[in-house]
Amino acid sequence: GAGVSQTPSNKVTEKGKYVELRCDPISGHTALYWYRQSLGQGPEFLIYFQGTGAADDSGLPNDRFFAVRPEGSVSTLKIQRTERGDSAVYLCASSLSRGQAKNIQYFGAGTRLSVL
Amino acid sequence: GENVEQHPSTLSVQEGDSAVIKCTYSDSASNYFPWYKQELGKRPQLIIDIRSNVGEKKDQRIAVTLNKTAKHFSLHITETQPEDSAVYFCAASGGSNYKLTFGKGTLLTVNP
């Protein structure tokens, strides 16, 4: 079956613009995570959804970042007034929420965001 | 919150040798420890994981050990091959939301 799908794969924008990044999780996975990976670093947690609700958004760096998952499947990460420091690869992961498999997170290929 | 330290940052071995990467974690509540392999420009791929009720797990050439008392866990790769070359990340999670805290990664190079 299909894995986690993220679009676009690359996004170039200008400072101050608004961007939306999309994540399509593995079918049936109720848990969805967003991470941000800067060059040479490990992924850093941003936000976690269980179904439609954001169960933990403690990793969002500031109020310019927002994410939604209105139907409990596809999620969109939204960044307002982008800054050059927002440039990174944004990764999405999904997992099951029950049983031994509940911890296992499968990652998408990411969206590489470049803010000029 | 959780903090994961990973060493070494780079590791170069000859084909056929073993490679060991070590991680320590700070939160004693962490109970799940995966290892991901990431090739350049690709997605992180889970290669092995271990839970806190187990001390060791093996899958072919890859093994992971966990010492809960010392709060450290290690990845062991035997009979390394050039295709093992990649960045390897350890991670830890625990509690109710399963978010992963990653180490900074180890760039493994296997020389033919």
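For the range A:32-43, which positions are facing chain B (nearest Cβ under 7 Å) and either under 14 Å from the mean Cα position of the chain (by Cα) or in contact (Cβ under 8 Å) with a residue 40 or more places away in the chain (or both)?
A:Y33, A:P43
Determine, yes or no, whether A:D57 is within 14 Å of chain B (Cβ to nearest Cβ) and open to solvent by 20 Å² or more (accessible area, probe 1.4 Å).
yes
Checking the conditions here, which among A:A88, A:A54, A:A67 is aliphatic (A, V, I, L, M) and out of contact with any Leu (no Cβ under 7 Å at 6 or more places or on another chain)?
A:A54
Count, please, the residues in the range A:71-116 that happen to be free of Cβ contacts under 8 Å to residues at least 12 places away in the same chain and not in a helix (DSSP H, G or I).
Number satisfying all stated conditions: 3.
Looking at B:T24, B:T69, B:T78, B:T10 in this structure, which one is out of contact with any Phe, Trp or Tyr (no Cβ under 7 Å at 6 or more places or on another chain), open to solvent by 40 Å² or more (accessible area, probe 1.4 Å), within 28 Å of A:T111 (Cα to Cα) and hydroxyl-bearing (S, T, Y)?
Matching residue, one of B:T24, B:T69, B:T78, B:T10: B:T10.
Say whether the condition of being part of a strand (DSSP E or B) and free of Cβ contacts under 8 Å to residues at least 24 places away in the same chain is met by at least one residue in the range B:68-78.
No.
Would you pick out the residues in the range B:38-47 that are away from chain A (no Cβ under 11 Å) and not in a loop (DSSP other than H, G, I, E, B)?
Selection gives B:I47 alone.
Please give the number of the condition A:S27 fails out of (1) within 14 Å of another protein chain (Cβ to nearest Cβ); (2) open to solvent by 70 Å² or more (accessible area, probe 1.4 Å).
(1)
The values are calculated or read from the model by the stated rules, or taken from the named source; none is laboratory data. Quick caveat, the model's predicted, so the values are computed rather than measured. Counting neighbours? That spans all protein chains shown, and the Cβs are built from the backbone with ideal geometry, glycine included. Just so you know, the surface numbers come from the protein's heavy atoms only, side chains and all, with ligands and any DNA or RNA stripped out. Shrake-Rupley method; radii C 1.70, N 1.55, O 1.52, S 1.80 Å.
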